[in-house]
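Novice: Structure below; questions to follow.
The values are calculated or read from the model by the stated rules, or taken from the named source; none is laboratory data. No experiment lies behind these values; they were computed from the predicted model shown. Glycine also receives a Cβ, built like all others from the backbone with ideal geometry; neighbour counts cover every protein chain displayed. Ligands, DNA and RNA are excluded from the accessible area calculation, which covers all protein heavy atoms including side chains. Shrake-Rupley method; radii C 1.70, N 1.55, O 1.52, S 1.80 Å.
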Amino acid sequence: MQATKFQVKLYTRAGGIELEKLVPVFHEWIRNKKISDELLIDVADYAHVPQGPGVVLIGHQSDYYLDVADDRPGLLYSRKRGFDGDFQAGIDDAFQRALRACELLEAESSLDLEFATDEVLFRVQDRLNAPNGDATYAAYKPALEQTSTAFFGAAPSLERVGTEREPFAVRIRTGASGSVADALAKH
Amino acid sequence: MTSWKEQLGDRIPEQLAGEVDLFEGQIELKKQRKLDDKIFAETRLRRGVYGQRYDNGLRDDGTGQKTLAFPCGDLTKGPDTVWDAPGMMRIKIPFGKLTAKQLEVLSELAEENSDSILHVTTRQDIQLHFIHIEEAPDMMRRLASVGITTREACGNSVRNVTACEYAGVCKTQAFDVTPYANAITKFLLGHPDVQDFGRKFKIAFSGCEDNPCGLVTFHDLGAVAHVRDGKRGFRVVVGGGLGAVPVQAKVLAEFCPEEELLPLAQAVSRVFARLGEKQSRARARIKFLVQKVGIDEFKKLVAEEREGLRPDERWTAFLDDLHATDEKPVRDPGAIPSDAPAGFRAWAEHNLKPQAQEGYYSAIVTLPLGDFTATQGRALADLARKYTGDSIRCTVEQNLTFRWLSGVDAVAFYDGLVALQMAAAGAGTITDMTSCPGTDTCKLGISASRGLTGELRKRLTLVEGELDPAVRALRMKASGCFNSCGQHHAADIGFTGVSRQVGGRKVPHFNIVLGGQWTENAKSYGLVVGAVPSKNIPKAVDLITQHYLTNREGEESFQAFIARVGKREFRKVLAPIQKPPPYEEDPSYYSDWGNPREYTIGDIGVGECAGEIVPFVEFGLQQAEQQLHDAQDALEAGQAGAAALGGFTAMVTAAKALVRHLEVQVKDDADDVVANFKTHLHDTTLFHDPFAKGKFAAYLLKMHGEQSYENANDEIAHRALDEAQLFLEAAHACYERLTQAAAAAAE
């Protein structure tokens with residue numbers, strides 16, 4: 001079975017972030033259906049957990065985290081349900097949704113957030129279909145390179161990260177220096 | 001591999017594999033709409049698959065209630081429970097004991113199926129939230145492969161068996177209760193005699209009488225270890241519980257020999273299944289049966305049941321190897337280095353406890369609000385493997401305890417926690433609060449207990465070093481509603497969520513409960529001092545602790561101080577902050593901690609018509625509150641009869657206010673008020689709580705029927721006041737519903 005539980009994280013340009021400011025923003029996204037093609041349900045606040053998921057916008061198809069894992073804040077898109085499309089399209093879609101969420105967050109005047117595009121963390125939360133090993137990496141590498149190039153232009157450099165007991169993860173150095181809007185426009 | 005079932009193969013015990021397959025089949029049948037909603041709901045509950053807030057497909061976004069358009073359409077997983085709506089999985093961890101491998105698998109599931117957070121509950125379970133029901137079977141298989149089952153984690157069954165986290169390593173224990181807790185867990189799991197309960201059944205073990213860890217007094221069945229004439233046994237108590245009306249368990253057996261423990265539990269289960277309430281959920285816990293028949297009759301019933309039991313070799317088989325559950329340290333014992341750094345020493349003051357075994361310690365990892373991440377879970381598993389072995393225990397204070405830490409390794413273990421940002425000090429102190437999920441995820445939550453405890457923790461941690469030791473030692477616990485999952489009754493300062501109607505809007509409040517006792521297995525429960533707006537609770541904590549520090553005599557403890565000055569004095573202390581400012585002046589009071597949505601439902605009318613009606617009923621409810629406070633004072637003064645009467649009077653006053661609000665003429669005497677209340681509010685279900693139904697109305701009707709207050713003893717009076725408190729809360733809620741209905745009709 002093909003894995004679909006993809007996660008894409010883009011990091012903020014400045015390190016610090018006041019997580020509590022995300023809570024009203026995400027509630028407002030639910031109220032005003034800011035992500036119009038997804039069902040958004042609730043907000044989970046884990047700001048009290050060090051290096052944790054931060055503040056989570058819980059949806060039906062996906063969750064959106066302002067995640068502070070490894071003390072590196074970033075927007076983490078996490079698909080939970082199946083994706084109606086092929087493998088490459090599934091990865092493209094995850095990147096696109098992550099970037100669109102970043103763009104929305106950058107537009108929030110209360111946050112003063114900006115996201116970097118030079119680095120992307122890609123993960124698959126499915127140890128059955130995508131164990132963290134060389135075979136999975138070999139299967140995902142071409143698709144990730146294609147997606148990264150499509151959004152960020154330059155040839156990326158990829159590195160598999162973590163151990164086999166952790167979810168499959170790839171750190172992508174995109175070679176880009178532009179904005180989130182640039183990346184979305186390029187695709 | 002295409003499935004976890006294939007991948008795990010025979011690593012899943014055969015019986016558990018069959019059970020999961022069966023559940024998966026039931027899921028398919030439900031999807032085909034071939035299973036009844038109620039039957040499926042109880043089925044999944046008994047598998048630990050629980051509901052969560054908004055799973056009815058409705059959510060108020062702060063501007064009004066909106067439908068959550070899940071793609072499943074009208075498919076449900078229980079009455080009013082939408083199939084696609086996220087739910088919670090409660091994972092039983094018997095006596096809180098976890099191995100490193102189990103912690104790793106739990107962490108994997110948190111990442112793949114939840115939101116990367118593992119939550120430790122006040123009953124030593126682990127909960128994962130935002131789970132889709134169709135992912136539950138594979139989660140269960142992965143858990144089963146490491147010896148964990150979610151069976152009977154919820155539903156009307158024997159819930160997780162809890163025990164002191166220091167069992168086996170404690171200096172004050174009579175003996176290690178672990179093998180007994182393990183035996184009863186296995187014996188009762190799926191036992192035919194525990195399948196027909198009207199409600200849940202909770203069992204707890206304690207190794208001694210004095211320390212709080214086991215908390216047996218508020219369990220349905222509790223066992224405290226004792227040795228008599230060289231023989232092991234237990235003082236067994238029955239019929240305790242928190243919930244809406246907290247009850248101290250009664251002694252069922254002063255000394256139950258170890259070989260009689262399992263048959264006694266079986267006999268109790270059979271009596272409960274046979275005679276316990278089945279129709280009225282509100283009175284179905286065993287505490288109501290014990291109250292109804294009396295403890296002496298209950299003992300007799302259990303003894304008769306025990307006589308008729310067919311012998312079962314499992315009753316005593318485990319006694320042949322009481323060391324089967326022993327843990328083996330992975331390191332040699334030793335002393336803590338004398339040059340340990342200051343940071344370590346500050347942490348060790350409350351987070352490191354010497355074990356009975358010389359040279360070993362139990363280390364408490366404090367978890368903020370009981371939460372930790374999957375990444376932290378894996379790292380903690382590594383620490384366990386390196387320093388302590390498979391000796392992790394979830395605690396009832398929502399922490400993790402690592403036992404068998406050699407003193408030689410204590411600093412290195414601490415350094416490991418520092419690297420994980422998990423070295424918060426102050427375990428068991430005022431900053432180490434416990435909280436139920438409250439409005440964050442619980443369907444029954446009234447106020448944001450997690451939001452509140454998060455806020456208090458943040459504030460108190462900043463000033464932790466400056467706190468007087470007597471204040472720092474206090475325990476605070478919060479529950480989002482009267483069901484008391486946060487165990488607030490047993491805290492020095494407890495909070496329970498309530499709502500109040502102010503100026504036509506709802507305001508989140510917490511009732512403050514003072515005087516609960518955590519020690520001696522939670523020997524006594526606190527009483528409500530008064531409701532304070534949520535946003536004023538931090539001020540309330542300051543006022544209460546300052547009043548204590550300023551007015552205590554010598555080294556007088558907080559509990560002794562409260563016992564001496566009484567709750568009336570604290571009501572005066574809190575009076576200035578009990579009334580929220582008008583909405584126009586400060587709208588922040590009208591939303592809860594950590595939740596910017598307006599707490600009130602936006603369409604409540606505030607027109608002139610409502611304005612004319614509101615003052616009278618609010619006056620009546622306030623008068624009832626005052627009567628209840630006076631009754632609490634009477635109880636403190638040792639006047640149990642007057643206290644019980646006062647509680648009843650307060651209920652009658654509140655009932656009268658509501659009856660008159662319905663424009664029904666009513667006389668001043670209690671008979672007429674109760675008769676009219678029954679006709680117009682009870683029988684019409686207007687007074688019914690959405691979840692507790694007629695439970696609170698029944699308190700008034702029952703007490704009116706008894707009319708023997710003058711003979712009430714302390715326990716009866718205490719219960720009467722608890723019931724009156726809940727009746728008043730229900731009266732406030734009823735008034736809010738009536739107001740909303742009137743506003744809707746006016747529109």
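Novice: Just to be sure, is residue B:362 among the small types (Gly, Ala, Ser) and modelled with pLDDT under 95?
Specialist: no
Novice: Any chance you could count how many residues in the stretch B:441-499 are away from every other protein chain (no Cβ under 14 Å), charged (D, E, K, R) and under 28 Å from residue B:87 (Cα atoms)?
Specialist: Residues in the stretch B:441-499 being away from every other protein chain (no Cβ under 14 Å), charged (D, E, K, R) and under 28 Å from residue B:87 (Cα atoms): 1 in total.
Novice: OK, next. Kindly state which helices (runs of 4 or more DSSP H) lie completely within the stretch B:638-739 and contain at least 2 residues that are outside the structural domain of residue B:241 (by TED's automatic domain parsing) and open to solvent by 70 Å² or more (accessible area, probe 1.4 Å).
Specialist: Filter on the stretch B:638-739 gives B:640-661.
Novice: Test of understanding: among B:61, B:84, which residue is within 12 Å of another protein chain (Cβ to nearest Cβ) and in contact with a helix residue (DSSP H, G or I) (Cβ under 8 Å, 6 or more places away or on another chain)?
Specialist: B:61
Novice: Between B:53, B:47, B:11, which is under 22 Å from residue B:84 (Cα atoms) and open to solvent by 50 Å² or more (accessible area, probe 1.4 Å)?
Specialist: Only one candidate passes the filter, namely B:53.
Novice: For the stretch B:393-405, indicate whether the set of residues that are on the phi > 0 side of the Ramachandran plot and open to solvent by less than 10 Å² (accessible area, probe 1.4 Å) is non-empty.
Specialist: For the stretch B:393-405, residues on the phi > 0 side of the Ramachandran plot and open to solvent by less than 10 Å² (accessible area, probe 1.4 Å): present.
So that you can scan it fast, the table gives a plain yes or no per residue for (1) in contact (Cβ under 8 Å) with a residue 12 or more places away in the chain; (2) open to solvent by 80 Å² or more (accessible area, probe 1.4 Å):
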site: B:287; (1), (2): yes, no
site: B:291; (1), (2): yes, no
site: B:298; (1), (2): yes, no
site: B:313; (1), (2): no, yes
site: B:327; (1), (2): yes, no
site: B:332; (1), (2): yes, yes
site: B:339; (1), (2): no, yes
site: B:345; (1), (2): no, yes
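Novice: Next question. Residue B:235 passes all but one of (1) in contact with a Cys (Cβ under 9 Å, 6 or more places away or on another chain); (2) open to solvent by less than 20 Å² (accessible area, probe 1.4 Å); which number fails?
Specialist: For residue B:235, the exception is condition (2).
Novice: Do we find that residue B:205 is of a type in the set (Phe, Trp, Tyr), surrounded by 21 or more Cβ atoms within 10 Å (Cβ to Cβ), under 25 Å from residue B:294 (Cα atoms) and touching a helix residue (DSSP H, G or I) at 6+ places or on another chain (Cβ under 6 Å) in this structure?
Specialist: yes
Novice: Being over 20 Å from residue B:259 (Cα atoms), of a type in the set (Val, Ile, Thr) and open to solvent by less than 40 Å² (accessible area, probe 1.4 Å): is that true of residue B:302 here?
Specialist: It is false that residue B:302 is over 20 Å from residue B:259 (Cα atoms), of a type in the set (Val, Ile, Thr) and open to solvent by less than 40 Å² (accessible area, probe 1.4 Å).
Novice: While we're looking at this one, here's another question. I'm trying to understand the selection: among the residues of the stretch A:99-125, which are over 13 Å from residue A:180 (Cβ atoms), touching a Leu at 6+ places or on another chain (Cβ under 7 Å) and open to solvent by 10 Å² or more (accessible area, probe 1.4 Å)?
Specialist: Matches in the stretch A:99-125: A:111 only.
Novice: Could we say that residue B:177 is within 22 Å of residue B:98 (Cβ to Cβ), surrounded by 23 or more Cβ atoms within 10 Å (Cβ to Cβ) and out of contact with any helix residue (DSSP H, G or I) (no Cβ under 6 Å at 6 or more places or on another chain) here?
Specialist: Yes: the conditions hold for residue B:177.
Novice: Moving to a separate point now. Got at least one residue in the stretch B:152-167 being in contact with a strand residue (DSSP E or B) (Cβ under 9 Å, 6 or more places away or on another chain), open to solvent by 10 Å² or more (accessible area, probe 1.4 Å), at pLDDT below 95 and more than 30 Å from residue B:360 (Cβ to Cβ)?
Specialist: The answer is yes; a qualifying residue exists.
Novice: Can I ask one more? Tell me which residues, restricted to the stretch A:117-152, are in a helix (DSSP H, G or I) and acidic (Asp, Glu).
Specialist: A:134, A:145 - these are the residues of the stretch A:117-152 that are in a helix (DSSP H, G or I) and acidic (Asp, Glu).
Novice: Turning to a different aspect of this structure: Say whether the condition of being more than 14 Å from chain A (Cβ to nearest Cβ), touching a residue at least 60 places away in the same chain (Cβ under 8 Å) and assigned to a helix (DSSP H, G or I) is met by at least one residue in the stretch B:29-40.
Specialist: No: the stretch B:29-40 contains no residue that is more than 14 Å from chain A (Cβ to nearest Cβ), touching a residue at least 60 places away in the same chain (Cβ under 8 Å) and assigned to a helix (DSSP H, G or I).
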